[in-house]
Amino acid sequence: MQKILIIGANGQIGSELVSELRRENGDHNVIASDIKSSGNFDKYFVFLDATDKEAVRQTLIKYEISEVYLLAAILSANAEKMPGNAWHINMSILFNALELAKEGLIKKLFWPSSIAVFGPHTPRIKTPQITIMDPNTVYGISKLAGERWIEYYRDHYDVDVRSVRYPGIISWKTKPGGGTTDYAVEIFHEALTKGHYTSFLDANTRLPMMYMPDAIKATIQIMKADKDALQIHNSYNIAAVSFTPEELAQSIQKFLPDFRIDYKPDFRQTIAESWPESIDDSQAYKDWQWQHQYDLEMMVRDMLLHLSKKYHKEADLVL
Ligand code: AKB
C-alpha cells in the first residue's frame, strides 16, 4: 500500500481529498499536512511549511511517503494583492516537490493547474487543450510557468507528475479562499442564511465550474491512470458545467423561490473576463476516460440539500 502526503490539506480541495483517500487507503496511509493548524484532522496530521524544502524532505522520509498531492497555493484574487509573495510561494512549493521527486523521494506527484493559465487571447468557448496561453494574473502566470516546469522535469528527469487544470470548484463541505470563482460557493450560504446575495461578478459572466465530487474523482483518476497513456505532460483540460451568476441564481430560485441576487462587480470581474467560458476536455476523455457526472441542476440540488441541514433551513426548500 502506498503512503500518501497531502500538502495543503486544510484547503477547499485538500480537506475533501484527504477523506476520500483515507477511505480508499486507510487513515494511517494518508498524512494530512498544512501550514495552518490541524483544522479538520486530529489524526495523522503534520504541520508543514511547503516552502521549506528540508521540512518537506524530513516529512517524506519520516512517513515513508511515495505519493504527494501538492494542493497548497495562493489563488487568483489573493495573488493580485501580493504579486511577489504569491509568485514566490506558488513557485517555491512546486520546485521543492519537483527537486525531491528528482531525488527519488516522491514516486508520483499531483500538482493542479487551473483555467487561469488561459488569457485574453485564448479562444474562450470550448477552449482547446493546446492553444494560445497569455495569462495576465499573477496566479495564472505562476500556473503556466508551473506547467512548463512539470513537463520539463518529466521529460528530462522522468519525474512522474500528473496535473489537471481545475475550473472553479463548488462544495458544501468546504469554502474556497481567495479565488475568482468563490462567488459560486458564497451564493449558496447567503441564499440560505440571508435570502439574498450580492455577486462580485456581473450577471452574464460565464465561467467553467465543477462540483467537488467530480473534482475529487478527476484528481484520483489521473493519479491511477497508466503513465504511458498520458499523452499530455503539462496539464489536462477537464470540464463539467459552465454557467453565469444569473443562471446559477435562477437555478437556486427553483428550490428557494424568494432568493434574490444583485450585482456589484469588483476587481475580480477583470480576472474572470480573461478566462474561458467553457473548456474542451476531450483529450482527458481519450487518454484516461475522464467524464464529469454532475450538471448544474444536480449540483444545486445537492448543495441546497446539504447546506439547508447545516443552517436548519430544510423547511424553506421547495423540492
Ligand atoms: C480561482 O478562482 O482562483 C480558482 C481557480 C479557477 O483556479 N478557483
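Just a few scattered comments:
- Conditions (1) of a type outside the set (A, V, I, L, M); (2) over 21 Å from Arg124 (Cα atoms); (3) within 16 Å of the ligand (Cβ to nearest atom): number failed by Asp281: (2)
- Beta carbons closer than 6 Å, at least 6 apart along the sequence or on distinct chains, pair a first residue in the range 271-287 that is in contact (Cβ under 8 Å) with a residue 40 or more places away in the chain with a second that is part of a helix (DSSP H, G or I) for Ile271/Ser76; Trp275/Ile115; Pro276/Ile115; Asp287/Ala229.
- Here Lys102 clears all of (1) touching a residue at least 40 places away in the same chain (Cβ under 8 Å); (2) farther than 24 Å from Tyr139 by Cβ; (3) under 18 Å from the mean Cα position of the chain (by Cα) except the condition numbered (3).
- Remark: pairs (first residue in the range 161-182, farther than 20 Å from Arg206 by Cβ and among the aliphatic types (A, V, I, L, M); second residue near the ligand (Cβ under 9 Å from one of its atoms) and part of a loop (DSSP other than H, G, I, E, B); Cβ separation under 8 Å; 6+ apart in sequence or on different chains) = Val164/Pro112.
- Residue within the range 222-233 that is in contact with a helix residue (DSSP H, G or I) (Cβ under 9 Å, 6 or more places away or on another chain) and either under 18 Å from Trp172 (Cα atoms) or within 16 Å of the ligand (Cβ to nearest atom) (or both) present: no
- Look at (1) within 11 Å of the ligand (Cβ to nearest atom); (2) under 18 Å from Ala240 (Cα atoms) and you find that Arg206 fails only one, number (1).
- Residue check, Tyr153 modelled with pLDDT of 95 or more, touching a Leu at 6+ places or on another chain (Cβ under 7 Å), aromatic (Phe, Trp, Tyr) and buried (at least 24 other Cβ atoms within 10 Å of the Cβ): no
- When Arg124, Arg148 are checked against the criterion of being more than 15 Å from the chain's Cα centre (by Cα), more than 14 Å from the ligand (Cβ to nearest atom), closer than 20 Å to Leu70 by Cβ and among the basic types (Lys, Arg), Arg148 stands alone in meeting it.
- Filtered residue count, the range 1-55, keeping only those that are among the aliphatic types (A, V, I, L, M) and without any contact (Cβ under 8 Å) to a residue 40 or more places away in the chain: 8
- Among the candidates Lys264, Lys286, Lys309, residue that is closer than 21 Å to Gly177 by Cα and either at pLDDT 95 or above or in the same structural domain as Thr181 (by TED's automatic domain parsing) (or both): Lys264
- Of the strands (runs of 3 or more DSSP E) entirely within the range 152-239, those holding at least 1 residues that are of a type in the set (Val, Ile, Thr) and more than 16 Å from the chain's Cα centre (by Cα) occupy 196-199.
The values are calculated or read from the model by the stated rules, or taken from the named source; none is laboratory data. Everything numeric in this text was worked out from a predicted model, so none of it was measured. Backbone-built Cβ (ideal geometry, glycine too); neighbour counts: all protein chains shown.
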